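The values are calculated or read from the model by the stated rules, or taken from the named source; none is laboratory data. What you see is a predicted model; the values in this text were computed from it and never measured. Cβ sites come from the backbone with ideal geometry, for glycine too, and all protein chains shown count toward neighbours.
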């Protein structure tokens with residue numbers, strides 16, 4: 001999962017970063033490398049906003065040659081996909097918790113972008129939605 005980002009140099013020689021697919025995301029960095037690193041934090045923060053508002057997180061559009069992209073870590077990508085599936089099936093966090101083990105804290109942790117959830121736990125969450133998680137090496 002990679003999101004296209006645009007970099008714009010400002011008057012202070014910093015780079016402003018925006019994401020066409022996630023308009024709520026913005027970040028800044030002193031160098032291109034720093035800006036792209038900060039863009040990941042900006043995207044993760046925007047994902048949290050979408051989750052708090054129970055809005056589906058937009059899928060990334062394919063990148064064109066020469067465009068900058070930010071790769072989302074596998075566990076974060078899995079959480080985004082899980083959240084979007086919950087929205088599609090109209091499953092709340094409370095319902096997800098009930099289906100898993102009855103503890104609300106479990107569902108909160110599974111969907112927390114900053115929490116390091118085990119892949120086995122994410123697989124179990126997909127399973128209660130009638131789905132499974134596939135990984136591939138590219």
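What the table below lists for this structure:
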item: Hey, residue 94 assigned to a helix (DSSP H, G or I) and under 16 Å from the mean Cα position of the chain (by Cα) or not; result: no
item: Unmet criterion (only one of (1) more than 23 Å from residue 128 (Cα to Cα); (2) at pLDDT below 90) for residue 94; result: (1)
item: Lone qualifier among 82, 133 - being closer than 22 Å to residue 58 by Cα and at pLDDT 90 or above; result: 82
item: Sole residue being surrounded by 13 or more Cβ atoms within 10 Å (Cβ to Cβ), in contact (Cβ under 8 Å) with a residue 40 or more places away in the chain and out of contact with any strand residue (DSSP E or B) (no Cβ under 7 Å at 6 or more places or on another chain), chosen from 48, 69; result: 48
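Residues checked against (1) in a loop (DSSP other than H, G, I, E, B); (2) in contact with a helix residue (DSSP H, G or I) (Cβ under 9 Å, 6 or more places away or on another chain); (3) surrounded by 15 or more Cβ atoms within 10 Å (Cβ to Cβ); (4) not assigned by TED's automatic domain parsing to the domain that holds residue 7:
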| site | (1), (2), (3), (4) |
| --- | --- |
| 23 | yes, yes, no, no |
| 59 | yes, yes, no, no |
| 99 | no, yes, yes, yes |
| 110 | no, yes, yes, yes |
| 115 | yes, yes, no, yes |
| 124 | no, yes, yes, yes |
| 133 | yes, yes, yes, yes |
| 136 | yes, no, no, yes |
